[in-house]
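Enquirer: After the structure tokens below, expect a handful of questions from me.
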Amino acid sequence: MRAILLIMIGLSVSVWADFSRDDATQIVTDNNTGLQWQDNVNTSKNWTDAIDYCETLSLGGHTDWRLPNFNELYYIADRSKRDPAMDSAFQNVVSSYYWSSTTVVGSEGDAWNVDFYDGYDYWDSKSNSHYVRCVRDGQ
């Protein structure tokens with residue numbers, strides 16, 4: 001059932017995704033959800049350092065950044081594209097894995113991530129390094 005739901009979400013995202021980029025602040029806004037996404041650098045960290053990085057990030061005059069949960073991160077992937085599987089409003093993208101804040105149920109040492117090469121989800125040990133894209137709730 002989860003797979004069917006994720007496929008339906010994945011197919012519908014590209015139809016109604018609406019992102020805009022503010023080049024001055026290097027922030028991408030999701031005009032449907034109001035979430036604002038960091039888009040200024042590509043940095044790779046282990047999971048704990050990724051959480052700390054987002055919680056201390058100051059970008060565009062905002063300091064309320066956080067590591068996105070799995071659903072938020074999965075939503076911004078555009079599975080109709082590859083290398084990167086991301087809307088063109090995002091300019092700083094590596095076609096690789098990005099951490100979510102969501103721990104794998106039953107496996108405290110692992111967390112979910114999204115591969116922006118193809119837009120699909122994976123899990124990995126929190127001790128490994130992956131890319132970080134911080135988010136804030138925005139307006």
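The values are calculated or read from the model by the stated rules, or taken from the named source; none is laboratory data. Bear in mind the structure is a predicted one, so any value in this text is a computation, not a measurement. A quick note on method: Cβ atoms are made from the backbone with ideal geometry, for glycine too, and the neighbour counts reach across all protein chains shown. Side chains are part of the model used for accessible areas, which takes the heavy atoms of the whole protein and leaves out ligands, DNA and RNA. Shrake-Rupley method; radii C 1.70, N 1.55, O 1.52, S 1.80 Å.
Enquirer: Identify, by number, the condition in (1) surrounded by fewer than 16 Cβ atoms within 10 Å (Cβ to Cβ); (2) modelled with pLDDT of 95 or more that Ala50 doesn't meet.
Expert: (1)
Enquirer: Next question. Given the criterion out of contact with any Lys or Arg (no Cβ under 8 Å at 6 or more places or on another chain) and over 13 Å from Arg133 (Cβ atoms), identify the matching residue among Ser100, Ser96, Ser88.
Expert: Going through Ser100, Ser96, Ser88 in turn, the sole match is Ser88.
Enquirer: Testing Ser88 on (1) touching a residue at least 24 places away in the same chain (Cβ under 8 Å); (2) assigned to a loop (DSSP other than H, G, I, E, B), one condition comes back false. Which one is that?
Expert: Against the list (1) touching a residue at least 24 places away in the same chain (Cβ under 8 Å); (2) assigned to a loop (DSSP other than H, G, I, E, B), Ser88 comes up short only on (1).
Enquirer: Now for a separate question. On the basis of being out of contact with any Pro (no Cβ under 6 Å at 6 or more places or on another chain), open to solvent by less than 30 Å² (accessible area, probe 1.4 Å) and charged (D, E, K, R), does Asp124 make the cut?
Expert: The answer is no for Asp124.
Enquirer: May I ask you to list the residues in the stretch 10-31 that are at pLDDT below 65 and either open to solvent by 60 Å² or more (accessible area, probe 1.4 Å) or among the acidic types (Asp, Glu) (or both)?
Expert: Listed by number, the residues that qualify are Leu11, Val15.
Enquirer: List the residue pairs whose Cβ atoms are under 6 Å apart, where the first residue sits in the stretch 59-73 and is under 21 Å from Asp23 (Cα atoms), the second is open to solvent by 30 Å² or more (accessible area, probe 1.4 Å) and assigned to a loop (DSSP other than H, G, I, E, B), and the two are 6 or more positions apart or on different chains.
Expert: Pairs found: Gly60/Thr25.
Enquirer: Which one is least open to solvent (accessible area, probe 1.4 Å) among residues in the stretch 127-139 that are under 17 Å from Glu55 (Cα atoms) and out of contact with any Phe, Trp or Tyr (no Cβ under 7 Å at 6 or more places or on another chain)?
Expert: That would be Gly138.
Enquirer: Among the residues of the stretch 32-47, write down those that are surrounded by 13 or more Cβ atoms within 10 Å (Cβ to Cβ) and of a type in the set (A, V, I, L, M, F, W, C).
Expert: Hits for the stretch 32-47 are Leu35, Trp37, Trp47.
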